[in-house]
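Okay, structure first, notes after.
Every number in this text was worked out from the coordinates using simple rules, so none of it is lab data. Since the model is a prediction, treat every value here as computed from it, not as a measurement. Positions of Cβ are generated from backbone atoms using ideal geometry, with glycine treated the same way; all protein chains shown enter the neighbour counts.
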Amino acid sequence: MSDRMFSENERSVAPEDAERPLGVALRRGWRRRCPNCGAGQMLRGYLKVREACPVCGEALHHQRADDGPAYLTILIVGHLLAPLIHYVFVAYRPDPLVLASVFSVGTVALSLYLLPRLKGVMVAVQWSRRMHGFGGASHDG
């Protein structure tokens, strides 16, 4: 942002009011990148969101993903694997211990893959829709 002061008329076209396309933000969030620039890593570690983007400086501490990514992960994994478990059991009749072992590993692997990506998506949605303080300098709190 520049150091110049905006008058009330110029504020309506200020960078804070620029459009934030949801599709671009979602793709960047899925890749766990900053929703603003797409270059900086959004997450520090497995699920910890950085305070700010290391590349563009966009503040990310406003995010309120809370339990949303976990709920979405459970929803997706359950809807993908439950019908698959049913099909495999009916079609091949494997030993229940084998079925439970294979699908337990699959459930854990898919959950570990999806969880950080869905967290990135939730932060990106909040950023794109200017929720929870992502609205710019006048909305920071």
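Of everything listed in (1) in contact with a Leu (Cβ under 9 Å, 6 or more places away or on another chain); (2) loosely packed, with under 15 Cβ neighbours inside 10 Å; (3) touching a residue at least 60 places away in the same chain (Cβ under 8 Å), the single unmet condition for Pro116 is (2). When Tyr87, Tyr113, Tyr46, Tyr71 are checked against the criterion of being in a loop (DSSP other than H, G, I, E, B) and among the hydroxyl-bearing types (Ser, Thr, Tyr), Tyr46 stands alone in meeting it.
Scanning the stretch 66-92 for residues that are of a type in the set (Ser, Thr, Tyr) and closer than 18 Å to Leu114 by Cα yields a count of 2. Applying the criterion of being more than 14 Å from the chain's Cα centre (by Cα) and among the small types (Gly, Ala, Ser) to the residues of the stretch 53-96, the residue that is farthest from Trp127 (Cα to Cα) is Ala91. Checking each residue in the stretch 93-110 for being free of Cβ contacts under 8 Å to residues at least 24 places away in the same chain, in a helix (DSSP H, G or I) and either surrounded by fewer than 16 Cβ atoms within 10 Å (Cβ to Cβ) or in contact with a Ser or Thr (Cβ under 9 Å, 6 or more places away or on another chain) (or both) picks out Pro96, Leu97, Val98, Leu99, Ala100, Ser101, Val102, Ser104, Val105, Val108, Ala109.
State whether the residues of the stretch 121-129 include one that is part of a helix (DSSP H, G or I), in contact with a Leu (Cβ under 7 Å, 6 or more places away or on another chain), among the small types (Gly, Ala, Ser) and buried (at least 16 other Cβ atoms within 10 Å of the Cβ). Yes, that holds for at least one residue. Residues that are more than 25 Å from Leu47 (Cβ to Cβ) and not aliphatic (A, V, I, L, M): does the stretch 103-112 have at least one? No, because not a single residue in the stretch 103-112 is more than 25 Å from Leu47 (Cβ to Cβ) and not aliphatic (A, V, I, L, M).
I need the full set of residues from the stretch 47-92 which are farther than 30 Å from Asn36 by Cα and either surrounded by 11 or more Cβ atoms within 10 Å (Cβ to Cβ) or of a type in the set (Ser, Thr, Tyr) (or both), in order please.
Answer for the stretch 47-92, where residues must be farther than 30 Å from Asn36 by Cα and either surrounded by 11 or more Cβ atoms within 10 Å (Cβ to Cβ) or of a type in the set (Ser, Thr, Tyr) (or both): Gly78, Leu80, Leu81, Ala82, Leu84, Ile85, Tyr87, Val88, Phe89, Tyr92.
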